[in-house]
Amino acid sequence: MMESEPQRGPLARKDRAEKTALFRYQLIREAADTSLTSRQRGPMVRALAAAEHNGPSGQSVRYSRETLDRWISAWQREGFDGLKPRERAAGPGTPVNILSLAATLKLERPHRTAAQVRRIMAETLGDAPSESTLLRHFRTLEIPTGTPAQATGRFEAARPNEIWVGDGLHGPRIGGRKTYLFAFLDDHSRLVTAARWAFAEDAVRLSAALRPALQTHGVPDAVYVDNGSAFVDASLARICARLGMKLIHSRPYRPQGRGKIERFFNTVTSQFLSEITVLDAPVQTTVPAPDRPGRILPGPRWPVWRS
C-alpha cells in the first residue's frame, strides 16, 4: 500500500499546529510550573536543553535553552495557543506570468543559473523575483538547478603566485571552426591571470595565453594543469624549466585541487556562452508588463557572437 502524501490546506495546517503545541507543552510543563522560582527552574531547563527528544514528526531533536525559555514565557502569557507556531505573514505573491517567464528562460538555456535568470528579467522588466524565489519555483517544476558536487578535501595555496591552475575549455563553433579558452587562475587569490580564446588547442595558443600573464603578474612557483595535449607538450615543459616553474600534471580522472578553475569555467559557460550563442540573429520577444496587463514590453535582445 502506497504511503499517502501529507495533507495540505487550512485544516491540515491547524492540525499540525495543534500537535506541535501539544508536544511543546508536554516538554516544558514541569519547568513551566508557576510555583517554581527562577533558581529552581534554571536547572530543569538546562537539563531539557542538554537532552535529545523525539520531535513532533518522530525525529531526534535538541532545543536550546533560549528556545525553551521562550516557550515557557509564551505559555505563561497566552496559554496553550501561545505554543502554536506563528503563521507566516501573507505577503504579495509573485505574478504567475513572471514565474512563467522565469521558467521559460531557464528551460531555454538549462545552464543558466537563477542569478542569471534574475539578471535578464531585471534588465527586461525593471524588476525580478529574488534568487531564492526562482530556485523554489524551478524545484517545484522539477527543473534541474545544478549538479551536486563530489565532496573532496579543501586546498588553497598559502600566498599569491605559489600555484597557478591552468585548463582549457571547449567553446562553441564560430564560422564553422571550434573554439577553445585557455585560462590560468591563481590558487590563493582566485585572480584569473590568463584567459585567451583560440581556434586550436595546441601549445602555440597556450603559450600565447600564458606569455602576457607572466609579464603582467610575474612567474609563479608552480603551474598545475591537466593532461590535455597542449599541457603535455614538450614546449611547455621547456618554458617552465627556463623560468624555474614547477610543472605539475593532475592524475587522470582525479581532478582534486582544480575546483576553482572548474568553477570559473562553469561561470563562463552559464553566464557568458549561454547568452552569446543562442541564435545566428537577435530574437525580439514580448512579455506582458506586470503592472499593466494590456501593455507589452520588449523582451531581451540576445547578443550574437560573430567571427
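Things to note:
- In the range 165-207, of all residues being touching a Ser or Thr at 6+ places or on another chain (Cβ under 6 Å) and under 11 Å from Ile261 (Cβ atoms), the one that is surrounded by the most Cβ atoms within 10 Å (Cβ to Cβ) corresponds to Phe184.
- Leading residue by the ranking (modelled with the highest pLDDT) among those in the range 137-185 that are within 23 Å of the chain's Cα centre (by Cα) and basic (Lys, Arg): Arg139
- Among the residues listed as Thr216, Thr179, the single one being touching a strand residue (DSSP E or B) at 6+ places or on another chain (Cβ under 8 Å) and closer than 18 Å to Phe272 by Cβ: Thr179
- Phe199 meets the conditions (1) modelled with pLDDT of 90 or more; (2) under 22 Å from His217 (Cβ atoms) in every case but one. The failed one is (2).
- Flag for Leu243 being assigned by TED's automatic domain parsing to the domain that holds Ala183, surrounded by 17 or more Cβ atoms within 10 Å (Cβ to Cβ) and modelled with pLDDT of 65 or more: no
Per-residue answers, yes or no, for (1) modelled with pLDDT under 85; (2) among the charged types (D, E, K, R):
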position	(1), (2)
Ser57	yes, no
Arg65	no, yes
Trp71	no, no
Glu78	no, yes
Arg86	yes, yes
Pro95	no, no
Ile98	no, no
Ile120	no, no
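- Residue-level analysis places Phe264 among those that are touching a residue at least 12 places away in the same chain (Cβ under 8 Å), closer than 30 Å to Leu105 by Cβ, assigned to a helix (DSSP H, G or I) and aromatic (Phe, Trp, Tyr).
- Residues that are within 29 Å of the chain's Cα centre (by Cα) and loosely packed, with under 15 Cβ neighbours inside 10 Å number at least 1 in the following helices (runs of 4 or more DSSP H) confined to the range 20-135: 96-108, 114-125.
- Those residues of the range 210-235 which are assigned to a helix (DSSP H, G or I) and touching a Leu at 6+ places or on another chain (Cβ under 9 Å), in sequence order: Leu210, Leu214, His217, Ser235
The values are calculated or read from the model by the stated rules, or taken from the named source; none is laboratory data. Predicted model, so just to flag it, every value in this text is computed and none were measured. Note: ideal-geometry Cβ built from the backbone for every residue, glycine included; neighbour counts use all protein chains shown.
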